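> For reference, the structure I am asking about is given below.
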Amino acid sequence: MKRRGVFELVGAAAIGSIAGYYAGAKELLGIQSSTPALASSRGPETSTEPASDGGGGPRTTNGAFVDEFERERVDPLVAVDGSVDEWAVEDGLDGESLTGSDVASSVAYDPGTYEWTGDRRIAVAFEVNDAYEKGSALVDFYADDVRWQADCGVAAGEFVLRKSDASRAPQRVDLELDARAEHELVVDVTGATVAVTVDGDRVTEYEAASPLGPGTVGFSVRDDTETAFDNVRVEDR
């Protein structure tokens, strides 16, 4: 899995969102970060994860990027929509977890430092709070100019795979999941194919027009929803 320094998000949410890093365009195109991006080289053999500060941040384990949120800070996440301050690291799942509560906002790993390309597997644990009106876990992954979203609608009883540039209706399938229970979402990117598994069961598979390029990983929460995310893992396939 090679890291590259090219990442771009375009479309309706482009202004004030994560955007391309061409020619130092980070500040001009509105990434909102509470901490500066970590410096990293762009060579093809570099790790997908630069050294953390030792305070429970992301790390590389057996060649895979791992984030268990065992810290009090939300960095190195940056805002895509809304403010990163609307998110918190709180008690949940198997210790601490990233929690978004009752906010329509999105965050992602800062693409200036964290970006993956090639065939990859993205795994995320999540838990939805059933005390809220809506229940869903939205895991975002980015490739070239496209923002994808894997939406586990716990309250709605369905899974939705969206593409920001989709010209047709998103894929929807029935999916029954319990609130107040830990679940695992796995997204496998293999060339142009996106395969989604939830709790070990294949949910859907989507064939894009061309192989998915480089991008980062993020999370979204809707109004009237509280969702905790944990045990993020990104690795080669």
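> So, restricting to strands (runs of 3 or more DSSP E) that lie completely within region 185-237, which ones have at least 2 residues that are without any contact (Cβ under 8 Å) to a residue 24 or more places away in the chain, open to solvent by less than 20 Å² (accessible area, probe 1.4 Å) and at negative phi?
Passing ranges: none, list empty.
> Please verify whether SER164 is open to solvent by 10 Å² or more (accessible area, probe 1.4 Å), farther than 26 Å from ASP94 by Cα and without any contact (Cβ under 8 Å) to a residue 60 or more places away in the chain, treating the condition exactly as stated.
So SER164 does not fit the description; no.
> Same structure, new question: Can you confirm whether ASP91 is over 18 Å from GLN149 (Cα atoms), out of contact with any Leu (no Cβ under 9 Å at 6 or more places or on another chain) and without any contact (Cβ under 8 Å) to a residue 12 or more places away in the chain?
The answer is yes for ASP91.
> From the set of residues in region 87-106 that are under 12 Å from VAL232 (Cβ atoms) and of a type outside the set (S, T, N, Q), which is surrounded by the most Cβ atoms within 10 Å (Cβ to Cβ)?
Ranking the qualifying residues of region 87-106, first place goes to LEU98.
> Could you grab the pairs with beta carbons closer than 8 Å, sequence gap of 6+ or different chains, first residue in region 96-114 and within 15 Å of VAL139 (Cβ to Cβ), second one of a type in the set (S, T, N, Q) and open to solvent by 10 Å² or more (accessible area, probe 1.4 Å)?
Note: pairs meeting the criteria are SER105/SER83.
> In the set ALA137, ALA169, ALA179, ALA155, which member is assigned to a loop (DSSP other than H, G, I, E, B), in contact (Cβ under 8 Å) with a residue 40 or more places away in the chain and among the aliphatic types (A, V, I, L, M)?
Exactly one of ALA137, ALA169, ALA179, ALA155 is assigned to a loop (DSSP other than H, G, I, E, B), in contact (Cβ under 8 Å) with a residue 40 or more places away in the chain and among the aliphatic types (A, V, I, L, M), namely ALA179.
> Output the number of residues of region 167-176 satisfying the condition of being buried (at least 16 other Cβ atoms within 10 Å of the Cβ) and at pLDDT 95 or above.
So the answer is 1.
> On to the next question. If I filter region 115-134 down to residues being under 15 Å from the mean Cα position of the chain (by Cα) and outside any strand (DSSP E or B), which single residue comes out as surrounded by the fewest Cβ atoms within 10 Å (Cβ to Cβ)?
Filtering first and then ranking leaves THR117.
The values are calculated or read from the model by the stated rules, or taken from the named source; none is laboratory data. Values in this document were obtained by computation on a predicted structure and should not be read as measured data. Don't worry about glycine lacking a Cβ; one is built from the backbone with ideal geometry, like all the others, and counts go over all protein chains shown. Heads up: the accessible areas ignore ligands, DNA and RNA and are worked out on the full protein's heavy atoms, side chains in. Shrake-Rupley method; radii C 1.70, N 1.55, O 1.52, S 1.80 Å.
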